[in-house]
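*Asks:* Provided herewith is a single structure, encoded as structure tokens, for subsequent inquiry.
The values are calculated or read from the model by the stated rules, or taken from the named source; none is laboratory data. Here the structure is a predicted model, which is why all the values come from computation and not from measurement. Every residue, glycine among them, receives a Cβ derived from its backbone with ideal geometry; neighbour counts consider all protein chains shown. Accessible surface areas use protein heavy atoms only, side chains included; no ligands, DNA or RNA. Shrake-Rupley method; radii C 1.70, N 1.55, O 1.52, S 1.80 Å.
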Amino acid sequence: MEFTQIRDKYISFFESKGHKQIPSAPVVPENDPSVLFNTAGMQPLVPYLMGQPHPYGTRLCDYQKCMRTNDLDEVGDVTHHTFFEMLGNWSLGDYFKNESISWSFELLTKVFNIPVERLAVTVFKGNDIVSADSESAEIWKRLGIPEKRIKYLGEDDNWWPNMELTGPCGPDTEIFYFRSNDEIPEEFDTEDERWVEIWNNVFMQYNHNEDGTFTELPKKNVDTGMGLERITAVLEGVTDNYASSIWKDVIEKIEQISNLKYNGNEKAMRIIADHIRSAVFISADPAGIKPSNTDQGYILRRLIRRAIRYAKKLNIDINSNWEEEIAKVIMSKYENYYSEIKENKDIVLEVLRTEKTKFNRTLENGLKEFEKIASKIQNGKMDKDNAFRLYDTFGFPIELTVELASEMGIKVDEEGFKEKFKAHQEISRAGAKEKFKGGLAATGETETQYHTATHLLNAALKVIVSKDVHQRGSNITAERMRFDFSCNHKLTDEEKQKTEELVNKWIDAAYPVTKTEMKKEDAIASGAECMFIERYPDVVTVYKIGDVSAELCGGPHVENTSKIPHIKIKKEEAVSAGVRRIKAEFVK
Ligand code: SER
């Protein structure tokens, strides 16, 4: 079954079960500065999974553009991709385990015609917080999955996303397919790699709060996700994803351009195919991302540059329009499903061409320089200065230097490089993790002002609303602050107004902001506010604002409240049971 048919059949199956198809959200999230890309189908749906009504109703399905770049360097084997499409269906407080599992089973066995003998499943075995999911196991048994093909696993396998991340989450049941011509063993063994996971049904019934507690969501949801690349390979009977209908003609194009066979050149061809496809989707996205040294632009640059390097390995004439030919084959496969691909074709080609020209100019010189540096290395280590020079003067992303060096058995001082990089004030935010630090996306002047303002807001809520208000999270961008706090009721207009007035009064009072280091116990004893006591080291920094606020915090802060503009509360809403969120902006 061709991948377009699989996608179509998936959607029409769920439409026949009362689902509304929703369009794929952009691959660059619109309102979430905390991540670079959408990494799962459910990500754009988080507000609805948390209880906000969805305009399309309570049963949704889609195919969603996703990007996962943390294992970018794994691309080149038979299964890894940076970009992929995720088929998904959701119940927003509508159906639950029974329908979800029964429909997955029906689609797989009746529409995709997978024999039941090739299926096996895992369910959650329970932990201190949630008991074992025997309900799902019973449903599977009733449908005809034998007991020996049902395995109970712990939170590392059957909890989504994981126990550490905050937000909506829950136990899941994963569906596996036996992908081999060998005789199928009676007993399902999750360690046996002939069993591949094809679908994940998450029963999202909890919110993991910032304070570490789990609360039941107002409504129980279902979130399922099936990677189109994986299911296509399975249904087409190939073990190499790149041999499926998704990639076949792309690989053929690369064979034709390079005059080489896929056989023997798999790694390079897969990397080129994968990276150009991702570059196509990122640059066609409405966000208008261009290659750069930060954020999504940096990933885009890395992808294009890595594809070029592998094209060179295949002796492709880099100055020809090879990348355009490959991109055109890719775009022709997606343009009927994603209008932005059709509309932004010229932009995509322009992005690829410009970056190629830029990189070509520096690559030749850079490689020569790299070889010169490498030939002088005696102890198997490249120091930070050389790594930085390759970046700064020759435009080599550090990952490229590391990759080239590792091919020669050389280790690069990446830590040292990073320090130098920061010192040059070009903080690469390639890792989404960086962005979570202290809830701050970046730490420019405005973000710093907002950060101090959250301390004032926290203190003001305690005075106006209740002394039991505590911070549950915060998220800051240059445009606004978001502050989550514990509270069991919707704030009244009067409470909101008074809170805002008090914060602004404190701003006008020009209180000094002072920083003191103290022992954690002393800080707590002094009554300083603290969100995650266990996450702080023994010696902590306490920021005091006049005598209105004292909080354990890593900073940064303004040195006087007079440096902060007045705030305006724009919104107050529920995040989960007992947690409210305020969005506020500076009055310009
Ligand atoms: N969110 C789950 C996943 O990404 C199911 O869609 O696997």
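*Asks:* Specify, per residue and in Å³, the volume enclosed by the convex hull of the alpha carbon atoms belonging to the range 1-50.
*Replies:* It comes to 97 Å³ per residue, whole-number rounded.
*Asks:* Multiplying the sequence separation of LYS17 and GLU99 by 0.36 nm and subtracting their Cα-Cα distance, what value in nm do you get?
*Replies:* In short, 28.6 nm is gained.
*Asks:* Something else: Would you mind telling me the share, in percent, of accessible area of the chain contributed by carbon and sulfur at probe 1.4 angstrom? Display every interim value, and only then the final one.
*Replies:* On the way: 12180 of 26150 Å².
That fraction is 47 percent.
*Asks:* Here's something else I'd like to know. Going Cα to Cα from LYS490, which aspartates and glutamates come in below 17 Å? Please leave out same-chain ones fewer than 8 positions away.
*Replies:* Within the straight-line limit of under 17 Å, LYS490 reaches these aspartates and glutamates: ASP468, GLU500, GLU572, GLU573.
*Asks:* Take the Cα gyration tensor of the range 481-588, multiply each eigenvalue by 5, square-root it, and list the three semi-axes largest first, rounded to whole angstrom.
*Replies:* They are 25, 20, 11 Å, listed from largest to smallest.
*Asks:* Which of the aspartates and glutamates could be linked to LYS220 by a straight reach, that is with a Cα gap under 16 Å, when you skip same-chain ones fewer than 8 residues away?
*Replies:* Result set, ordered by chain and number: ASP94, GLU99, ASP133, GLU135, ASP172.
*Asks:* Further question: How are the alpha carbon pair distances in the range 262-405 distributed across 10 Å bins from zero to the largest one, expressed in percent?
*Replies:* All Cα pairs, binned at 10 Å, distribute as 11, 39, 32, 14, 3, 0 percent.
*Asks:* A follow-up question, please. When N counts the residues of the range 251-304, how does its alpha-carbon radius of gyration compare numerically with 2.2 N^0.38 Å, as a ratio?
*Replies:* The reported ratio for this selection is 1.33.
*Asks:* Are any of the pairs LYS110/LYS267; LYS253/LYS411; LYS496/LYS588; LYS290/LYS418 more than 29 Å apart by Cα-Cα distance, and if so, which? Can you show the working numbers first?
*Replies:* Details: LYS110/LYS267 36 Å; LYS253/LYS411 35 Å; LYS496/LYS588 19 Å; LYS290/LYS418 23 Å.
The pairs that break the limit, which is 29 Å between Cα atoms, are LYS110/LYS267; LYS253/LYS411.
*Asks:* How would the chain be classified by its alpha-carbon gyration tensor: rounded, prolate or oblate, with rounded meaning a/c under 1.5 and the a/b versus b/c comparison settling the rest?
*Replies:* Oblate shape, in that a/c is at least 1.5 and b/c is the bigger or equal ratio.
*Asks:* May I ask which residue of ILE272, PRO565, TRP195 lies farthest towards the positive end of the charge dipole of the chain, with charges of +1 (Lys, Arg) and -1 (Asp, Glu) on Cβ and the Cα centre as origin?
*Replies:* PRO565
*Asks:* Pairs of Cα atoms under 8 Å, at least six residues apart: use those to get the relative contact order of the range 205-324, whole percent. Please list the in-between numbers first.
*Replies:* Working: 103 pairs, mean separation 20.0, N = 120.
Normalised by residue count, the contact order of the range 205-324 is 17 percent.
*Asks:* With the crude spin-label approximation of a point 7 Å out along Cα→Cβ, what separation in nm comes out for LYS328 versus GLU414?
*Replies:* If labels sit at LYS328 and GLU414, their model points lie 3.9 nm apart.
*Asks:* State the antiparallel share, in %, of DSSP beta bridges confined to the range 1-136, rounding to the nearest 5.
*Replies:* 75 percent
*Asks:* Taking the solvent-accessible surface of protein heavy atoms with a 1.4 Å probe, what is the per residue accessible area of the chain in Å²?
*Replies:* Values: 26150 Å² over 588 residues.
Result: 44 Å² per residue.
*Asks:* Going by the alpha-carbon gyration tensor, a ≥ b ≥ c the square roots of its eigenvalues, is the range 225-331 rounded (a/c under 1.5) or, if a/c is not under 1.5, prolate (a/b greater than b/c) versus oblate?
*Replies:* Oblate.
*Asks:* Arrange the peptides 80-87, 402-409 so that the one whose residues have, on average, the most other Cβ atoms within 10 Å appears first.
*Replies:* 80-87, 402-409
*Asks:* Okay, next question. Note down the relative contact order for the range 285-405 as a percent, whole number, built from C-alpha pairs under 8 angstrom at least six residues apart.
*Replies:* Reported relative contact order: 22 percent.
*Asks:* Also, quick follow-up: Can you show me the helix-derived [θ] at 222 nm for the chain, built from DSSP H runs with n ≥ 4 at -39,500 (n - 2.57) apiece and divided by the number of residues, rounded to the nearest 500.
*Replies:* Only helices count here, giving -12000 deg cm²/dmol.
*Asks:* If you average the alpha carbon positions of the range 89-123 and of the range 130-205, how far apart do those two centres end up, in angstrom?
*Replies:* Value for the Cα centre distance between the two parts: 12 Å.
*Asks:* Relative contact order of the chain: what whole-number percent is it, with Cα pairs under 8 angstrom and at least 6 residues apart?
*Replies:* Over the chain, the number comes to 10 percent.
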